[in-house]
Amino acid sequence: MFAYGGKILRVNLTTGKVSTEPLSEKLAKDYIGGIGLGIKLLMDNSKPGTDPFDPDNPIIYLTGPLTGTLGPTGGNSYAVVSKSPATGGVANAEAHGFFGPDLKRAGYDAVIITGKAPKLSYLWIDDDKVEIRNAEHLQHKTVNETDHMIREELDDFYIRVSAIGEAGERLCRFAAIINDEFRAIGRAGMGAIMGSKNLKAVAARGTHDVNVADMDGFREFIKMIYERMKGPATKKYKTLGTPENVLVLNSLYALATRNFTNSQFEGAQKVSGEWLNEHYVKKIVGCATCGMRCDHIAVVPEGPYKGATSRLEFECLWSMGPLCGIDRLDAIIEAMRITNEYGMDGISTGVVVAFAMDCYEHGTITKEQTDGIDLSFGNAEALIAIIHKIGKREGWLGNALAEGSARAAEIIGGDAPKYACHIKGLELPGYDLRTLKTAALGFSVSFRGACHLRNGAYSPDVKGKVNRFKIEKGRGKMIVPDGHIYNVIDSLIVCKFSRGTYYDGLKDLANYYTLATGIPMTAEELDKDGERIENLARLFNIREGKGTREYDTLPWKIKNAPVPEDGPAKGAVVSDEEFQVGLDDYYEARGWTMEGVPTVEKLNELGLGEYASIVKGGKA
Amino acid sequence: MVRAQDRKFVSSDPEKCIGCCVCEYACSMTNENTFNPTKSRIRALRLGPLNNLAVTCRHCEDPACVAACPREALTQEEDTGIITVDEEACDGCAWCISACPFGAMMMHPEKKVAFTCNSCKDQEDGPQCVKWCPEEALTFVTAQQLAQKSRISAVRNLFQEAKEKKAESK
């Protein structure tokens, strides 16, 4: 097999047993790699109802067919799939940087990790040699310290490490896994799965060749993509970066502020991409084998957080900035830095803090319960103080918030569930769903919970292709094709920032796949793969009791707290009526029942007939 | 006959290099027909997000690697300055690697002999790492050209600073 490693590695941390098996060409073609292959392996290697923190819940590292090649962004990636401790459904995340290629060169398309190590350990994958090593000396070390210490003790600077911080060890339900300082397997809490397995890190060194089927054709193809990356399709990422969104969304009344109370932020200018780049960005760097540059490395030049350095993207800037009512970039940079050090998802961290601030403002949390922290909106010092508490699970509130907003709301009680902005247990990303209603629908049906990266449904809203203040019939159907493309993107594991460089969409990606692997692939087949992956993920969620219509919901505030700003958005909420219209339309377009369950015919059409027992009778 | 000062080598600009390793993959693709940075003749180093540099052979004058070789397996080409390794004579003792102060001499992971940058001399358009570098951080230059470049930018900065100071004092 070309481009693929051709091997699946199994590691049982309880017994220490390690084994490998070949990857079949059928699995490769039907599930591509990355999250597609990951969701398939999760389904087939877990028992229904397994608690996410049970040793039997597998955590699966994956590479993609392009990983390890010079293919821009596809060359530098990996993914992780498990059952999420936040949602109880599929957890998937992808990260770029430098780690993935080493795992691939070591020879692996997937690493299925089960069991629980008797003491804190890390997995050392050195080509064919796989070892579970003691990590007790790494307890509570930051992600970066862990990275450095492992490379030092294994005595090779070029070893790549994917690790958790203190938050993962303490089972924070939005803990991340981080590689190469600030590249994160961010969402859905997989850092906590690592923690539950006493697995501090995976270190990899791969020295084998990665060969493609048609080197000449592949070279020409990627040269073309590298050229396109110099052009307009990626300009945003290379110039202001994603923080450009701040002023764009603000002008659209879509910059959710103070925990989805307001839809515009009076301090937007001071946390804008323009301001960030002018005053804080020192250098724009990037990942291995990429022709774009998106890592805006921000350094605080003066004041209490002088020297704080972090990469900063829109989502986390938003969640720790406008959503908390904070207009101080120096504090946001410091907050991002420590969030990475504890190893937490920056989106969820900010949204959880904003939730706590909303509770505090409404008197649902008292100052005694915050250990004296004034959690008012806009208090930058409080943001940083509470992140430290969450990372360490310190105090009653820090401990509660580390459970994520859904569970924390139950612990806090009273009106708190009203202020918790999550879908299926995963915190909302940075789009005000009251004024971007295609996004509202798209986020609600995403299989990993609130997510802007499962179907890109904010795009027709932001680009003005639809009436974004209303969900109409046809809106569900509209978001289906992009859902497939996004699944393909995450299975090939190319970066979503590169999506504009594939001018011919799936046709380009199918060509890319075939040049690398030698396996014939058409755009239609790739689309089918995307649909298969979507349905399989849905099936997994149904099997776990989390996949039917009643779980495709929106947060209370999106449905009940009208936008207060004068202007076109005034009074906007998502009404139940329009939302149900959207769901009906989406299920119909997918060939699912009105319960949101794939039909047996649909499963047979996609080659998923073996899972029909999960949907028999149309209900879970 | 090329004069020694006209020898070109691949140089990386620390201001521009971001440590992305595209050069490593381009090198192994060109010289080894595979993707494998451990077979690359240029290696990128990221000490931190702001500190990046790619390093390869600088075709030194009176090269330490050649002097260190106990088997006379290494020679320097007169015209280009390229260090060639006689793979029959080399026994992988790594004295040349100890001698190179830049880590530009390396051990080939499969052949177990020393290897280093050959300036892609078989390629019509020169070193392929330079062609592929997305940041234009790599250049194929002589020492003279490098010195000129540094001189020009240093002087330009001095004038710029002087101008700014003058403007501030006004």
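The values are calculated or read from the model by the stated rules, or taken from the named source; none is laboratory data. Since the structure is predicted, the reported quantities are computational estimates derived from the model, not experimental observations. Cβ coordinates were reconstructed from backbone atoms using ideal geometry, including for glycine residues, and neighbour counts include every protein chain displayed.
The table that follows gives values for the structure above.
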quantity: Qualifying residues in segment A:135-162 (those that are outside any loop (DSSP other than H, G, I, E, B) and among the hydrophobic types (A, V, I, L, M, F, W, C)) - the one farthest from residue A:339 (Cα to Cα); calculated: A:154
quantity: Those residues of segment A:164-191 which are over 15 Å from residue A:339 (Cβ atoms), in contact with a helix residue (DSSP H, G or I) (Cβ under 8 Å, 6 or more places away or on another chain) and surrounded by 24 or more Cβ atoms within 10 Å (Cβ to Cβ), in sequence order; calculated: A:169, A:179, A:180
quantity: Complete set of residues in segment B:31-46 that are touching a Phe, Trp or Tyr at 6+ places or on another chain (Cβ under 9 Å) and within 10 Å of chain A (Cβ to nearest Cβ); calculated: B:35, B:36, B:37, B:38, B:39, B:43, B:45, B:46
quantity: Test: residue in segment B:17-25 that is within 10 Å of another protein chain (Cβ to nearest Cβ) and over 18 Å from the mean Cα position of the chain (by Cα); calculated: no
quantity: Residue check for residue A:70: more than 18 Å from residue A:490 (Cβ to Cβ), touching a Phe, Trp or Tyr at 6+ places or on another chain (Cβ under 6 Å) and crowded, with 24+ Cβ neighbours inside 10 Å; calculated: yes
quantity: Identity of the residue in segment A:47-83, part of a loop (DSSP other than H, G, I, E, B), in contact with a helix residue (DSSP H, G or I) (Cβ under 7 Å, 6 or more places away or on another chain) and over 22 Å from residue A:229 (Cβ atoms), that ends up nearest to the other protein chains (Cβ to nearest Cβ); calculated: A:58
quantity: Every residue from segment A:114-127 that is within 14 Å of residue A:7 (Cα to Cα) and not in a loop (DSSP other than H, G, I, E, B); calculated: A:125
quantity: Pairs with Cβ under 9 Å, 6+ apart, first in segment A:296-318 and more than 14 Å from chain B (Cβ to nearest Cβ) and surrounded by fewer than 20 Cβ atoms within 10 Å (Cβ to Cβ), second assigned to a loop (DSSP other than H, G, I, E, B) and aliphatic (A, V, I, L, M); calculated: A:306/A:300
quantity: Enumerated helices (runs of 4 or more DSSP H) restricted to segment A:163-273, each holding at least 3 residues that are within 14 Å of chain B (Cβ to nearest Cβ) and free of Cβ contacts under 8 Å to residues at least 60 places away in the same chain; calculated: A:215-229
quantity: Contacts under 7 angstrom Cβ, first residue in segment B:128-157 being away from chain A (no Cβ under 14 Å), partner of a type in the set (Asp, Glu), 6 or more apart; calculated: B:142/B:6
quantity: Matching residues in segment A:321-334 - criterion: being under 9 Å from residue A:310 (Cα atoms) and among the aliphatic types (A, V, I, L, M); calculated: A:333
quantity: Candidates A:447, A:443, A:469 - the one that is among the aromatic types (Phe, Trp, Tyr), under 20 Å from residue A:255 (Cβ atoms) and within 16 Å of the chain's Cα centre (by Cα); calculated: A:443
quantity: Filter result (of a type in the set (S, T, N, Q) and crowded, with 18+ Cβ neighbours inside 10 Å) within segment B:51-68; calculated: B:52, B:56
quantity: Segment A:282-295, subset crowded, with 17+ Cβ neighbours inside 10 Å and without any contact (Cβ under 8 Å) to a residue 40 or more places away in the chain, residue farthest from the chain's Cα centre (by Cα); calculated: A:283
quantity: Residue list for segment A:600-609, filter: at negative phi and surrounded by fewer than 16 Cβ atoms within 10 Å (Cβ to Cβ); calculated: A:601, A:604, A:609
quantity: Any hit, segment A:436-443, residues being at pLDDT 95 or above, in contact with a Gly (Cβ under 6 Å, 6 or more places away or on another chain) and surrounded by fewer than 22 Cβ atoms within 10 Å (Cβ to Cβ); calculated: no
quantity: Criterion: in contact with a strand residue (DSSP E or B) (Cβ under 7 Å, 6 or more places away or on another chain) and closer than 23 Å to residue A:315 by Cβ - qualifying residue of A:405, A:446, A:459; calculated: A:405
quantity: Restricting segment A:374-390 to residues that are in a loop (DSSP other than H, G, I, E, B) and under 30 Å from the mean Cα position of the chain (by Cα), the residue that is surrounded by the most Cβ atoms within 10 Å (Cβ to Cβ); calculated: A:375
quantity: Close pairs (9 angstrom Cβ cut-off, 6 or more residues apart or separate chains): within 17 Å of residue A:453 (Cα to Cα) and not assigned by TED's automatic domain parsing to the domain that holds residue A:35 in segment A:81-93, among the basic types (Lys, Arg) and part of a loop (DSSP other than H, G, I, E, B) anywhere; calculated: none
quantity: Odd one out for residue A:281 among (1) within 14 Å of chain B (Cβ to nearest Cβ); (2) more than 20 Å from residue B:14 (Cα to Cα); calculated: (2)
quantity: Residue match in segment B:55-66 (condition: over 27 Å from residue A:211 (Cα atoms) and facing chain A (nearest Cβ under 8 Å)); calculated: no
quantity: Any helices (runs of 4 or more DSSP H) falling wholly within segment A:468-517 and containing at least 3 residues that are over 19 Å from residue A:109 (Cβ atoms), basic (Lys, Arg) and in contact (Cβ under 8 Å) with a residue 60 or more places away in the chain; calculated: none
quantity: Residue identified as among the polar types (S, T, N, Q), at positive phi and in contact with a Gly (Cβ under 6 Å, 6 or more places away or on another chain) among A:339, A:289; calculated: A:289
quantity: Scan of segment A:332-364 for residues that are crowded, with 24+ Cβ neighbours inside 10 Å and part of a loop (DSSP other than H, G, I, E, B), ordered by number; calculated: A:343, A:345
quantity: Condition check for residue A:159: within 14 Å of chain B (Cβ to nearest Cβ) and either among the acidic types (Asp, Glu) or touching a residue at least 12 places away in the same chain (Cβ under 8 Å) (or both); calculated: yes
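To keep it simple, each residue is scored yes or no on (1) touching a residue at least 60 places away in the same chain (Cβ under 8 Å); (2) surrounded by fewer than 19 Cβ atoms within 10 Å (Cβ to Cβ).
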site	(1), (2)
A:6	yes, yes
A:15	yes, yes
A:18	yes, yes
A:36	yes, no
A:44	no, yes
